[in-house]
1. Within the range 99-142, how many residues are surrounded by fewer than 17 Cβ atoms within 10 Å (Cβ to Cβ) and among the hydroxyl-bearing types (Ser, Thr, Tyr)?
2. Touching a strand residue (DSSP E or B) at 6+ places or on another chain (Cβ under 9 Å) and modelled with pLDDT of 95 or more: which single residue out of LYS228, LYS233 fits that description?
3. Looking at TYR68 and the list (1) free of Cβ contacts under 8 Å to residues at least 12 places away in the same chain; (2) touching a Pro at 6+ places or on another chain (Cβ under 6 Å); (3) not in a loop (DSSP other than H, G, I, E, B), which single condition is not satisfied?
4. Tell me yes or no: at least one residue of the range 118-128 is more than 21 Å from GLN240 (Cα to Cα), out of contact with any helix residue (DSSP H, G or I) (no Cβ under 9 Å at 6 or more places or on another chain), more than 14 Å from the ligand (Cβ to nearest atom) and not aliphatic (A, V, I, L, M).
5. From the list TYR241, TYR230, exactly one residue is more than 21 Å from ALA119 (Cβ to Cβ) and among the hydroxyl-bearing types (Ser, Thr, Tyr). Which is it?
6. Here are some residues: GLU158, GLU96. Which one is over 24 Å from LEU261 (Cα atoms) and surrounded by fewer than 19 Cβ atoms within 10 Å (Cβ to Cβ)?
7. Picking from ARG222, ARG291, ARG187, which residue would you name as being among the basic types (Lys, Arg), modelled with pLDDT of 95 or more and either farther than 21 Å from GLY118 by Cα or in a strand (DSSP E or B) (or both)?
8. Condition test on ASP78, is it under 13 Å from MET30 (Cβ atoms), charged (D, E, K, R), assigned to a helix (DSSP H, G or I) and touching a helix residue (DSSP H, G or I) at 6+ places or on another chain (Cβ under 9 Å)?
Amino acid sequence: MEVIKEISVMQKIAEELRREGFIIGFVPTMGYLHEGHLALVKMAKDKADKVVVSVFVNPLQFGPKEDYEIYPRDLERDLNLLKPLGVDYLFSPSVEEMYPRGFQTFVEVTELTKGLCGAFRPGHFRGVTTVVLKLFNIVKPHFAVFGQKDYQQFKVIERMVRDLDLDIQILAHPTVRDHDGLALSSRNSYLSEEERRSAISIYQALKYAERLVFGGERDPHRLGALIKEYIEKFPHNRVQYIEIVDPETLEPVEKIEKDVLIALAVFVGKTRLIDNRLIRLVDEYIAMEARDEEKIPQS
Ligand code: PAF
């Protein structure tokens, strides 16, 4: 695996790979890799001839009171995790390389970023889309893989790619979870043992919510209140938001009558964790109808 720090070097390599007809798969990360990232890399490896992973803690996507300074960084550790997976290139530029003096161009997806995390992290998605577009121009991938834990991020990037006519396929990988259901995140490393135990309630609450919907709950406000009550019964937990939204527009629904996304952010102590669950009500209806049809005696 070759480690590349300069944009011009990465661009030259990418051009050469494309000229030789290789399919380039890309996994952008902020490092401090965990099994979730590695699953994205494995997915890229399955579909690509050459895989590029980037490790860059992007200052543009952190708010002034957020954890940019303390965000865990350990490139050596990341390298050791990536090597056995057969990654071809690790692109790890400095902040000065990505944002030299005079940098002043930003990319913004306007509507999909208004709600959910966007409402609580002003400028966050502008930072994400700006860096991801830069990375796409540097790595020149045919496709890029993102995790579904960051569902809003995935949708925002998908939109950017469509709106700006980028010739890049955006793939989603399902959320990877620990044995107890906690969604893997580099920020889990901030949790104390006791906070870690409370954090499990997030996944449990999402599963509980799904059972309620399949049991007939159709009121998103009541459902949201029940999820909040469940999570906040545990010590250290404070819900920042729970939203039941349309999975495509990310706009809140007034009634749960087709597929919905339950998305939430919870502070566990000082650590902000996000998670979501896509509830496939339409599939459930089809399955129910099929079950009902089976019950009709055949003449
Ligand atoms: O999901 C992340 O780790 C980051 O938001 C990304 C996509 C690498 C952009 O900095």
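The values are calculated or read from the model by the stated rules, or taken from the named source; none is laboratory data. Values in this document were obtained by computation on a predicted structure and should not be read as measured data. Note: ideal-geometry Cβ built from the backbone for every residue, glycine included; neighbour counts use all protein chains shown.
1. Matching residues across the range 99-142 total 2.
2. Numbers: LYS233 fails: touching a strand residue (DSSP E or B) at 6+ places or on another chain (Cβ under 9 Å).
Going through LYS228, LYS233 in turn, just one is touching a strand residue (DSSP E or B) at 6+ places or on another chain (Cβ under 9 Å) and modelled with pLDDT of 95 or more: LYS228.
3. With (1) free of Cβ contacts under 8 Å to residues at least 12 places away in the same chain; (2) touching a Pro at 6+ places or on another chain (Cβ under 6 Å); (3) not in a loop (DSSP other than H, G, I, E, B) applied to TYR68, the lone miss is (3).
4. no
5. Just a single option satisfies the conditions, and that option is TYR230.
6. Sole residue among the options that is over 24 Å from LEU261 (Cα atoms) and surrounded by fewer than 19 Cβ atoms within 10 Å (Cβ to Cβ): GLU96.
7. Going through ARG222, ARG291, ARG187 in turn, just one is among the basic types (Lys, Arg), modelled with pLDDT of 95 or more and either farther than 21 Å from GLY118 by Cα or in a strand (DSSP E or B) (or both): ARG222.
8. Details: under 13 Å from MET30 (Cβ atoms): yes; charged (D, E, K, R): yes; assigned to a helix (DSSP H, G or I): yes; touching a helix residue (DSSP H, G or I) at 6+ places or on another chain (Cβ under 9 Å): yes.
Here the answer is yes, as ASP78 does meet what is asked.
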